[in-house]
Amino acid sequence: MTTPPPVLSMNLATTRGVWGFAEAVEGCLRADITAISPWRDQVAAIGLAEAARIVQANGLRLTGYCRGGMFPAADAAGRQAAIEDNLRAIDEAAALGADCLVLVVGGLPGESRDIAEARRMVADGIAAMLPHARACNMPLAIEPLHPMYAADRACVNTIDQALDLCVALGDGVGVAIDVYHVWWDPGLAAAIDRAGRMGAILAHHICDWLVPTTDMLLDRGMMGDGVIDLRGIRAMIEAAGFHGPQEVEIFSAGNWWKRPGDDVVATCKTRWQEHCLTG
């Protein structure tokens, strides 16, 4: 079996500071990048029909659609509203032809201190949306987030936790492996191997962990500027059988979001070639 050539995808969060959806597509095309991953608010700003037209007219691949999730809520009405919003996200992802819908599952609702209950809400929420996702042939990619986000953004924090959900939920659910969130895990190699044996790897996101990190959310680094063994993690992922695109996703309010979009895209492409390719 021939290994496909390496592909770089741009998560459109990376140029959020200067470009909307259409501008980001144009910038990616100028850099000969034809794979992207947009966010729902970016699509909403231009309209789903126009976003789909742009995708189709330019032959773009959507390596993911960001994002669904945020299931835990303080009451039943809030949980139902989250499920209904996720059903809409599935429809949007399908209309755009995305490879998967990325799920950031949510943290502790309200004043709760019960993380086990929050995790049960996550499992129930995904189970409720899964029949529609299957009917739309839209894979759901659970993205475990770094433990620093357990309270407010994601109570699923390791690949193994996400894979346990996949086992419980059945077909149509996998994982998005974002190096920013999982690089620290002492069980990372075994977890990636397990994900590969399950056929559960749906996406691979890249950036870097800066030292020091000055903001929990908005200070991700460009590849090569931090401490993550990007090439080593990619080698694990490829050994597990996933040779799909590497998707650059950088939240950087103080640095990269302030720079010209073309410069950011060009730097992403250069750093990906220098620090992330295994061949």
Next item on the list: Say whether the condition of being under 16 Å from the mean Cα position of the chain (by Cα), β-branched (Val, Ile, Thr) and not in a loop (DSSP other than H, G, I, E, B) is met by at least one residue in region 198-216.
Entry: yes
Next item on the list: With respect to Ala176, determine if the residue is in contact (Cβ under 8 Å) with a residue 60 or more places away in the chain, under 12 Å from Pro144 (Cβ atoms) and not acidic (Asp, Glu).
Entry: yes
Next item on the list: From Glu117, Glu84, Glu111, Glu23, grab the single residue that is surrounded by fewer than 20 Cβ atoms within 10 Å (Cβ to Cβ) and under 28 Å from Asp263 (Cβ atoms).
Entry: Glu23
Item checked: Hey, Ala57 among the hydrophobic types (A, V, I, L, M, F, W, C), free of Cβ contacts under 8 Å to residues at least 24 places away in the same chain and closer than 30 Å to Ala31 by Cα or not -> yes
Notebook entry, point to check: Do we find that Ile206 is under 29 Å from Ala31 (Cα atoms) and in contact with a strand residue (DSSP E or B) (Cβ under 7 Å, 6 or more places away or on another chain) in this structure?
Noted result: yes
Next item on the list: Filter region 177-202 down to the residues that are within 20 Å of Tyr65 (Cα to Cα) and touching a Gly at 6+ places or on another chain (Cβ under 7 Å), then identify the one that is surrounded by the most Cβ atoms within 10 Å (Cβ to Cβ).
Entry: Leu202
Item checked: Some residue of region 12-26 being touching a Phe, Trp or Tyr at 6+ places or on another chain (Cβ under 7 Å) and without any contact (Cβ under 8 Å) to a residue 40 or more places away in the chain -> yes
Check: Right, Gly78: in contact (Cβ under 8 Å) with a residue 60 or more places away in the chain, more than 24 Å from Asp219 (Cβ to Cβ) and either crowded, with 18+ Cβ neighbours inside 10 Å or out of contact with any Lys or Arg (no Cβ under 9 Å at 6 or more places or on another chain) (or both) or not?
Finding: no
Notebook entry, point to check: Looking at (1) under 17 Å from Pro144 (Cα atoms); (2) outside any helix (DSSP H, G or I), which is the only condition Asp225 fails?
Noted result: (1)
Notebook entry, point to check: Of all residues in region 27-45 being assigned to a loop (DSSP other than H, G, I, E, B) and without any contact (Cβ under 8 Å) to a residue 60 or more places away in the chain, which is surrounded by the fewest Cβ atoms within 10 Å (Cβ to Cβ)?
Noted result: Asp32
Note to self: It is to be established whether one or more residues within region 235-247 are among the polar types (S, T, N, Q) and either assigned to a helix (DSSP H, G or I) or within 30 Å of Ser112 (Cα to Cα) (or both).
What the structure shows: no
Check: Given the conditions (1) of a type outside the set (A, V, I, L, M, F, W, C); (2) surrounded by 14 or more Cβ atoms within 10 Å (Cβ to Cβ); (3) within 20 Å of Ser9 (Cβ to Cβ); (4) out of contact with any Ser or Thr (no Cβ under 7 Å at 6 or more places or on another chain), which single one is not true for Gly279?
Finding: (2)
Note to self: Residues that are crowded, with 21+ Cβ neighbours inside 10 Å, of a type in the set (Phe, Trp, Tyr), out of contact with any Cys (no Cβ under 7 Å at 6 or more places or on another chain) and under 26 Å from Ala123 (Cβ atoms): does region 46-69 have at least one?
What the structure shows: yes
Check: Does Gly226 count as of a type outside the set (A, V, I, L, M), in contact with a strand residue (DSSP E or B) (Cβ under 8 Å, 6 or more places away or on another chain), free of Cβ contacts under 8 Å to residues at least 24 places away in the same chain and more than 28 Å from Asp75 (Cβ to Cβ)?
Finding: yes
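FYI, it's all coordinate maths here, none of it is from the lab. Quick caveat: nothing in here was measured; it's all calculated off a predicted structure. Cβ: placed from backbone, ideal geometry, glycine included. Neighbour counts: every protein chain shown.
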